[in-house]
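Right, one structure below, let's go through it.
The values are calculated or read from the model by the stated rules, or taken from the named source; none is laboratory data. For clarity, every value in this text was computed on a predicted model and none was experimentally measured. With ideal geometry, Cβ positions are generated from the backbone for all residues, glycine too; neighbour counts draw on all protein chains shown.
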């Protein structure tokens, strides 16, 4: 199966998630407006951190080792037992931390403790999210593309329905509960699929301590921990910078344009994470890795450029479709946001090599650099140009990040970096 065929198979799942995501944004925009969307962005950052780190943040590690050892049952079972051990141990401590720090987290993000109860619920829901992450890693590692697509389509539909109900009945809190539901609901499909279609032996997931394997998984945890904490914390800081310079309404405009980016970039990132990464994990020779990277650029970048041009031309109707007339002022945010998106994906293609080869130091350094640059540039550009300056900072940040990643990748493929 080549890159293009994988892209076509993933497209059904991706399109459903795209429309589900856009539907959710529309519901939230209508229910709570630009001001509320700006505030809700803080919870979205918290959800992103919890969703990715639930279970120890080892999903990419599971994908790598299942892909490598799926034909070696003994080694595979050793890795699965260690993965399960990390997942449940991490979930326990994350849940404890969220529950007892709920009031402080609510005060930090929203300047009020009114959302403490929401974070209490999240402390329990993250256990289901952790199990979802583990099982999805197995699906990706086994490269069951059709199953992944089907689970993605169905879970996107029932997840979006949950968010819609939450928004309609309970406003801001309902939207937060709906986002939790959306992250956890795939478990309803994964459990029967593993039993019926894969005929999976659940005993292989019995948590087992294996020092060597646990340490290997913690490398991926470290990479994701740094990635999540740096970029999501950077976004939280950016929102505070915009709010202090302007208001939560302008934060809402910036949040809206970033959600549009997140939505359409799924077309590329889903294929990269679920086809490109497992392919890279199985390659040993630098020449093969270079060929796979070039193939990814060949298909991903032209596709992305076509999307960017289309979105820029249709930005006014897109705003009216996804939000309302109250959001038309955000159209000035599109130009540099879209340019930045292109360089972001171009950089991520190279960065995935570090993930696939578990090069923790390189990956962590890259994540820290891009997050720090974003905060520094936003502090400069927001102060100078207001909220739209955040998109100038985003664009420049990923141009520089792409240049750095491209330089390091060339050195790695030439054997100059380990």
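Annotation note: Cβ proximity below 6 Å between a residue of segment 189-209 that is under 20 Å from residue 88 (Cα atoms) and a residue that is surrounded by 13 or more Cβ atoms within 10 Å (Cβ to Cβ) and at pLDDT below 70 (sequence gap 6+ or interchain) occurs for 194/200. Here residue 317 clears all of (1) modelled with pLDDT of 75 or more; (2) within 23 Å of residue 395 (Cα to Cα) except the condition numbered (2).
Would you confirm, using the coordinates I've provided, whether residue 375 is at pLDDT 85 or above, in a helix (DSSP H, G or I) and either under 21 Å from residue 330 (Cβ atoms) or in contact with a helix residue (DSSP H, G or I) (Cβ under 7 Å, 6 or more places away or on another chain) (or both)?
Working: at pLDDT 85 or above: yes; in a helix (DSSP H, G or I): yes; either under 21 Å from residue 330 (Cβ atoms) or in contact with a helix residue (DSSP H, G or I) (Cβ under 7 Å, 6 or more places away or on another chain) (or both): yes.
Judged against the criteria, residue 375 is a match.
Evaluate segment 381-394: report whether one residue or more is surrounded by 20 or more Cβ atoms within 10 Å (Cβ to Cβ), under 19 Å from the mean Cα position of the chain (by Cα), within 16 Å of residue 342 (Cα to Cα) and at pLDDT 85 or above.
Taking segment 381-394 first, the residues surrounded by 20 or more Cβ atoms within 10 Å (Cβ to Cβ) are 381-382, 387-394.
Pick out the ones that are also under 19 Å from the mean Cα position of the chain (by Cα) and you get 394.
If we keep only those that are within 16 Å of residue 342 (Cα to Cα) as well, we get 394.
Checking which are at pLDDT 85 or above leaves us with 394.
Yes, the conditions are met somewhere in segment 381-394.
Out of all the residues in segment 165-179, is one or more more than 18 Å from residue 30 (Cα to Cα) and over 18 Å from the mean Cα position of the chain (by Cα)? No: zero hits.
Determine whether segment 58-79 contains at least one residue that is over 23 Å from the mean Cα position of the chain (by Cα), part of a helix (DSSP H, G or I), in contact (Cβ under 8 Å) with a residue 24 or more places away in the chain and surrounded by 23 or more Cβ atoms within 10 Å (Cβ to Cβ). Scanning segment 58-79, I find at least one residue that is over 23 Å from the mean Cα position of the chain (by Cα), part of a helix (DSSP H, G or I), in contact (Cβ under 8 Å) with a residue 24 or more places away in the chain and surrounded by 23 or more Cβ atoms within 10 Å (Cβ to Cβ), so the answer is yes.
Take the residues in segment 307-334 that are out of contact with any helix residue (DSSP H, G or I) (no Cβ under 7 Å at 6 or more places or on another chain) and part of a helix (DSSP H, G or I), then tell me which one is nearest to residue 33 (Cα to Cα).
Start the filter on segment 307-334 by keeping residues that are out of contact with any helix residue (DSSP H, G or I) (no Cβ under 7 Å at 6 or more places or on another chain), which leaves 309-310, 313-314, 317, 320-321, 325, 332.
Next, only the ones that are part of a helix (DSSP H, G or I) stay: 309-310, 313, 317, 320-321, 325, 332.
Details: 309: 27, 310: 26, 313: 25, 317: 18, 320: 13, 321: 14, 325: 11, 332: 19 Å.
So, considering only residues that are out of contact with any helix residue (DSSP H, G or I) (no Cβ under 7 Å at 6 or more places or on another chain) and part of a helix (DSSP H, G or I), the one nearest to residue 33 (Cα to Cα) is 325.
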